[in-house]
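Have a look at the structure below before the remarks.
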Amino acid sequence: MRIVEVITGGEPGGAQRHVSELVQYLASQRHQVAVVHGGGHWLSQAVEKVAPVYYLRYLQRDISWQDMAAFTALLKIVRQLRPDVIHAHSSKAGILSRLVGIILKIPVVYTSHGLVFFDSTRSWRSRKFYQLLETWAAKRSRGIITLSNMDYEFMRSVKTQAIVKKIPNGVPVRALFPKQLGHQRRIGFIGRFSREKGLDVVLKAAEQTMSWQWIIAGDGPFRAQIIHASERLPNLKWVGWMENLDEFFNEIDVVVQPSYKEGLPYTVLDAMAAGIPVVATPVGGLTEVLGAIDVQLLCPVGNVEALIESIHYAFDHYDQIAEASYHLVKNEYNLNTQLEKTLGMLISVVES
């Protein structure tokens, strides 16, 4: 089977990790895979040994006048590759890919990594516009994969004829080694520094808990604010982008993910697989994952005091939360299961 994976950006991030792991798996199953993205070296380097990469410089996250040029370039690439199926990730790549699929009569599978219009940081007009686009595109898809119940329910509500399946992210799981807590509470955030991740809430929480140590790993558009805060707050440290998660998890005791919008973050599953409690907001797949452990780990979006209170709760019930988190990921969020089900969806669409 010939597959083209299309994603808006190639910089480090959860959706990019999803594509990287999937491409390597598909190649190992002897499928021909190509990757198209709008820029960033991380994804290109991750898949360069198993798949050709096509850089689409006009493909950007936000809507702009360059979108027509991105569509034209994507159409040319896909026409040249003649795949059996296009697999698109993220909103912009998803819309353009389905337009290409209509013209070339190629089936498109779309994986939603968190629907944009659920992002409360966006204006009402922006959210409504993206909702209309996603509704239009859903009805022109052959397959749709969601990571959360929230996205799944929306996709079912638009009455699309596409095959719709919830296939949550999965991670590798090793043996659990219980963490020994020290006297100081160590709180960590790791991920892309973008608006929807709730880093404004993290910084305000750090200001109100000077006796705690806050360690932030990652990079992105919000970097200047993080650097400024690390220079101003003695209890906050920015350690840059970290590929070695074990090294990061050794330095912290609780992970926070106070996002305004999410799909299902790998960093949350990675932390839980390492036996580290996670405190997060009830958005995307976080609601069902952490809700299955303890609803006290979920705090309202944008609420600094509630985030701090949930962190206190995580420390007060540390061992039982850590063990429950580990077993949940091991049993229900396994990487091999995710990859096998995704391949099954692609095959179903091609054969239908």
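A few comments on the model shown:
- Looking at the stretch 270-315, the accessible area is 29 square angstrom per residue; that uses a 1.4 Å probe and ignores ligands, DNA and RNA.
- Distance between the modelled labels on residue 207 and residue 76, one decimal in nanometres: 4.9 nm (7 Å Cα→Cβ projection).
- Only protein heavy atoms count here; on that basis, with a 1.4 Å probe, residue 209 has an accessible area of about 10 Å².
- Which label in (i) 61, 41, 40; (ii) 120, 61, 33; (iii) 69, 43, 37 gives the computed Cα extents along the principal axes in Å: (i)
- Helix 304-316 and the long axis of the chain differ in direction by around 70°, with both axes built from C-alpha atoms.
- Shown here are the Rg and Dmax of the Cα trace of the stretch 102-142, at 12.1, 36 Å.
- Applying Stokes-Einstein at 20 °C and 1.002 mPa s to the Kirkwood radius of the stretch 215-265, computed over alpha-carbon pairs, gives a translational diffusion coefficient of 174 µm² s⁻¹.
- Accessible area per residue for the stretch 90-213, computed on protein heavy atoms with a 1.4 Å probe, is 47 Å².
- Size of charge dipole - the chain - debye, nearest 20, with Cβ of Lys, Arg +1 and Asp, Glu -1, no other charges: 1680
- Share of carbon and sulfur in the accessible heavy-atom surface of the chain [1.4 Å probe, %]: 51
- Rounded to 0.05, the FRET efficiency of the residue 103 and residue 64 pair, given R0 = 25 Å and the Cβ-Cβ distance, is 0.70.
- Only Lys, Arg (+1) and Asp, Glu (-1) charged, at Cβ; the stretch 62-187 dipole about Cα centre in debye: 160
- Peptides 11-20, 231-240 ranked from most to least packed, by the mean per-residue count of other Cβ atoms within 10 Å: 11-20, 231-240.
The values are calculated or read from the model by the stated rules, or taken from the named source; none is laboratory data. Everything quoted here is computed from the prediction, not taken from an experiment. Because the Cβ atoms are built from the backbone with ideal geometry, glycine has one as well, and the counts that use them run over all protein chains shown. When the accessible area is computed, the model is the full protein with side chains, heavy atoms only, and any ligands, DNA or RNA have been set aside. Shrake-Rupley method; radii C 1.70, N 1.55, O 1.52, S 1.80 Å.
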